[in-house]
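Student: Quick one: this structure, given as structure tokens, is what I'll be asking you about.
What follows draws every value from the coordinates through simple rules; no lab data is involved. All values reported here derive from a predicted model rather than from experimental measurement. For neighbour counting, all protein chains shown are included, and Cβ atoms are generated from backbone atoms with ideal geometry for every residue, glycine included.
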Amino acid sequence: MQNKQTVFIIAGEVSGDVLGARIMEQMPDVRFVGIGGENMCAAGLKSLFPMGDLAVMGAVEVLAHARTLTRRIRETVNAILEIKPDVVVSIDAPGFVKSVIKQIRKLPAGQELIKNGLKFHHVVAPQVWAWRPGRAKKYARTFDKLYAFFDFEVPYFTKYGLDTVAVGHPIADGIIGKYDATKNKSDEKIITLVPGSRMSEVKRLLPIMRDMVDMLTRNGFLGYKFVIPTVETTVDYVRDQTSRWPVKPTLVPSNQRYDVYSKTYIAIVASGTVSAELAMMHVPTIVLYKMNPITTWLVRQMIRVKWVSLVNILLNRGVYPELLGPAARADSALDAFGQLTIPSVREKMIAELKSADTLWRRSNGAPATLIADGIRNK
């Protein structure tokens with residue numbers, strides 16, 4: 001009888017946790033160990049430590065959490081050496097994962113595991129077409145297999161010999177055709193606020209959203225219901241902060257977010273996966289992002305594309321308004337909000353979002369299924 005395959009799986013943020021759970025569900029015959037959040041734990045994973053310890057972004061933010069990250073890297077390396085998995089599957093969190101793999105490759109025990117067949121698979125290709133193209137070569141040196149979302153990403157990595165497979169965007173199969181905000185017939189106008197999944201994001205964007213809500217009500221935009229989908233890594237902070245708002249939003253857990261999005265009139269969100277989810281659901285949206293000034297300066301030196309929202313990048317035009325860095329202000333967001341209340345502006349944006357539907361998915365299977373097949377055939 002063949003031994004049960006063991007997979008050490010790592011997710012570093014909420015979107016990765018959701019995809020990780022779907023991959024696990026596709027592989028009931030596999031033993032999973034590793035690091036994940038509430039979705040992967042619900043699928044049967046006992047996380048080595050809280051996923052929130054990895055949810056750090058930006059040069060300054062990473063430095064501030066260096067001690068915790070160093071400890072978690074060491075713990076992860078030791079766990080892999082002890083468990084001796086067949087495959088290490090990482091979903092995003094590339095900085096953390098690359099540090100783990102680098103240490104494993106240096107250690108005699110790790111070299112022995114690799115000699116005996118240990119493989120490193122990574123999900124989510126870095127956006128080398130947008131900035132730092134040299135990362136493609138480094139990924140080829142680090143990983144044995146890469147699962148990209150889009151066909152156009154594949155050649156950037158295969159030219160360096162990295163086995164790369166396009167699997168489609170993981171959230172598309174669960175959204176397109178199943179959720180569509182334009183089919184909502186309710187008269188209730190829900191304004192959805194998503195300040196991000198990382199604490200650093202939330203601390204910068206939540207005050208802007210608070211000011212915008214206050215300005216909306218003071219400028220005659222009445223009758224709206226404000227809703228914030230929360231994630232486990234920041235829910236306590238969001239609850240504490242919003243309890244002091246003059247107009248208090250309703251907080252809902254992350255697993256109810258699609259129901260909220262499908263009823264949303266306008267969304268104001270952090271740049272990231274949420275903007276892709278909303279684009280697939282055809283929700284008029286304003287994208288905000290604000291980082292530490294030093295991180296912002298570094299990004300501006302390296303960025304090679306005009307946009308940060310994936311739907312804007314795919315369509316190569318500014319469908320979603322983006323208010324980034326110094327432009328991420330309540331007054332600017334209010335101006336963009338006012339535009340999206342104009343029927344002709346809304347209709348044009350929604351038509352653009354619908355035109356992108358075919359770009360999100362592949363015809364040969366769902367991403368989780370394709371990734372699971374790749375892991376089995378490591």
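Student: May I ask for the equivalent-ellipsoid semi-axes of the range 184-264, computed as the square root of five times each C-alpha gyration tensor eigenvalue and listed largest first in whole Å?
Tutor: Values: eigenvalues 79, 59, 17 Å².
Each semi-axis is √(5λ); the values are 20, 17, 9 Å.
Student: Would you order Arg67, Arg22, Arg239 from fewest to most other beta-carbon atoms within 10 Å of each residue's own beta-carbon?
Tutor: Arg67, Arg239, Arg22
Student: Take the alpha-carbon positions of the chain, form their convex hull, and give its projected area averaged over all directions (one quarter of the hull surface) in nm². Please list the in-between numbers first.
Tutor: Numbers: hull surface 75.0 nm².
If I average the Cα hull's projected area over directions, I get 18.7 nm².
Student: Explain nothing, just the number: relative contact order of the chain, from Cα pairs under 8 Å at least 6 residues apart, as a whole percent. Please list the in-between numbers first.
Tutor: Working: 628 pairs, mean separation 59.2, N = 378.
Answer for the chain is 16 percent.
Student: Continuing with this model, one more query. What number do you get for the range 299-378 when its Cα radius of gyration is normalised by 2.2 N^0.38 Å, N = residues? List each step's numbers first, then the result.
Tutor: Working: Rg = 17.6 Å, N = 80, 2.2 N^0.38 = 11.6 Å.
Rg over 2.2 N^0.38 Å, computed on Cα atoms: 1.52.
Student: When the chain is modelled as a GNM with alpha-carbon springs shorter than 10 Å, which of Thr230, Thr264, Thr68 fluctuates the most?
Tutor: Thr68
Student: Can you compute the helix-only [θ] at 222 nm over the chain? Use -39500 (n - 2.57) per DSSP H run of at least 4 residues, normalise by all residues, nearest 500 deg cm²/dmol.
Tutor: Details: 18 runs with 170 residues, N = 378.
Taking each H run of at least 4 residues, the total per residue is -13000 deg cm²/dmol.
Student: Using each residue's phi in the range 363-370, evaluate 6.51 cos²θ - 1.76 cosθ + 1.60 at θ = phi - 60° and report the 3J(HN,Hα) Karplus result to the nearest Hz, with x for Gly and Pro.
Tutor: 8, 9, x, 6, x, 4, 5, 5
Student: Oh, and also: Can you order the peptides 360-372, 334-346 by their average number of other Cβ atoms within 10 Å per residue, highest first?
Tutor: On the way: 360-372: 18.4, 334-346: 14.5.
Order by mean packing, descending: 360-372, 334-346.
Student: Which one of Gly110, Pro207, Gln127 has its Cα pushed farthest toward the positive end of the charge dipole of the chain, where Lys and Arg give +1 and Asp and Glu give -1 at the Cβ?
Tutor: Result: Gly110.
Student: OK, next. Quote the charge dipole size of the chain about the Cα centre in Debye, to the nearest 20; the model charges only the Cβ of Lys and Arg (+1) and of Asp and Glu (-1). Each step should come with its number before you reach the end.
Tutor: Numbers: 50 positive and 35 negative charges, 206 e Å.
Roughly 980 debye, rounded to the nearest 20.
Student: For the cross-link pairs Lys354/Lys378; Lys203/Lys348; Lys306/Lys348; Lys46/Lys378; Lys263/Lys290, which exceed 31 Å when the distance is taken from alpha carbon to alpha carbon?
Tutor: Values: Lys354/Lys378 36 Å; Lys203/Lys348 33 Å; Lys306/Lys348 21 Å; Lys46/Lys378 23 Å; Lys263/Lys290 27 Å.
Check vs 31 Å cut-off fails for Lys354/Lys378; Lys203/Lys348.
Student: Something else about it: At 0.36 nm per residue, minus the direct Cα-Cα distance, what do Ala327 and Arg74 gain on full extension? Give it in nm, one decimal, please. If you can, show how the numbers build up before the last one.
Tutor: Details: separation 253, 0.36 × 253 = 91.08 nm, distance 3.95 nm.
Additional length available on full extension: 87.1 nm.
Student: Still on this structure, please answer the following. For the range 181-360, rounded, prolate or oblate, judged on the Cα gyration tensor with a ≥ b ≥ c (square roots of eigenvalues), a/c < 1.5 rounded, else prolate if a/b > b/c? Provide the component values of the computation, followed by the final result.
Tutor: Numbers: a/c = 1.39, a/b = 1.03, b/c = 1.35.
Cα axes put the range 181-360 in the rounded bin.
Student: If you don't mind, there's one more thing I want to ask. Under a GNM of the chain (C-alpha, springs under 10 Å), which listed residue has the highest mean-square fluctuation: Lys115, Lys225, Lys84?
Tutor: Lys115
Student: Under the rule a/c < 1.5 gives rounded, and otherwise a/b versus b/c splits prolate from oblate, where does the range 216-263 land using the Cα gyration tensor?
Tutor: Working: a/c = 3.78, a/b = 1.31, b/c = 2.89.
Judged from the Cα gyration tensor, the range 216-263 comes out oblate (a/c at least 1.5, b/c at or above a/b).
Student: Here's another thing I want to ask about it. At a Cα cut-off below 12 Å, give the aspartates and glutamates reachable from Lys84, other chains included and same-chain residues fewer than 8 away excluded.
Tutor: By straight Cα distance, Lys84 reaches Glu112.
Student: Over the range 27-154, what is the mean sequence separation of C-alpha contacts under 8 Å (at least six apart), divided by residue count, expressed as relative contact order in percent? Walk me through the numbers on the way to the answer.
Tutor: Values: 119 pairs, mean separation 22.3, N = 128.
Once divided by the residue count of the range 27-154, the mean separation gives 17 percent.
Student: Calculate one ³J(HN,Hα) per residue across the range 316-333 by plugging θ = phi - 60° into the Karplus curve 6.51 cos²θ - 1.76 cosθ + 1.60, and present them in order as whole Hz with x for glycine and proline.
Tutor: Going residue by residue, I get 6, 7, x, 5, 8, x, 10, 10, 10, x, x, 6, 7, 10, 5, 5, 5, 5 Hz, with x marking Gly and Pro.
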